[in-house]
Amino acid sequence: MKKVFNEKWLVLLALAMSVMSLIISICCVIYIVNHKFVAAYVKIDTPFSSAEKHIFADFSSDKEPNEPNSGEFWKDFWERREAKKIEEAKNELELKEATENRRRKYVEEHPELSDFVKGVILKGSYAEGMTKEQIIASLGEPDSVNKGDIYEQFIYGYQVIYFENGVCKGH
């Protein structure tokens, strides 16, 4: 019978699996740190055996946490988590409303704009031929600006908008 794997391949396979395990562990640690989770080590005693279990608890609120293995602890945990989601949704909605109001206000203050440019601004987009002011009204302030003699760039995340003499020339 032929050998399917020789020893070198087995060693390489074991090494690859070890590296993958290390990467997964590092990703878990990064996730825990980024989400303000604190690892709590809890020993749970049952009538039949003594089991040890890792739990992750969100201690980012100002409220003092309850005992980690109590029902009240988990109730508080889920309430804080839901409250955080609701707060994030409210903030997102307020930002969206402020953005829409900014666009609407600009269009109302500039009746000389063509219907096409008004529509582009209200949609939150841009088109060639628009001025820097119109693009800021539509997209908001750029993340950064690069300036040259006659050329200028507005950078929005990964999007770059080019201007020549203050007029959009493309992206």
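Every number in this text was worked out from the coordinates using simple rules, so none of it is lab data. Keep in mind it's a predicted model, so treat the numbers as computed, not measured.
Can you tell me how the range 124-170 classifies by the Cα gyration tensor, rounded, prolate or oblate, using a/c under 1.5 as the rounded cut? Since a/c reaches 1.5 but b/c is at least a/b, the shape of the range 124-170 is classed as oblate. Rounded, prolate or oblate: which one fits the range 85-171, using the alpha carbon gyration tensor with axes a ≥ b ≥ c (rounded when a/c is under 1.5, else prolate when a/b beats b/c, else oblate)? Since a/c reaches 1.5 but b/c is at least a/b, the shape of the range 85-171 is classed as oblate.
Of the cross-linked pairs 147/169; 75/96; 96/169; 132/169; 84/123; 118/169, which ones have a Cα-Cα span greater than 20 Å in the structure shown?
On the way: 147/169 14 Å; 75/96 32 Å; 96/169 27 Å; 132/169 11 Å; 84/123 30 Å; 118/169 18 Å.
Table pairs above 20 Å Cα-Cα are 75/96; 96/169; 84/123.
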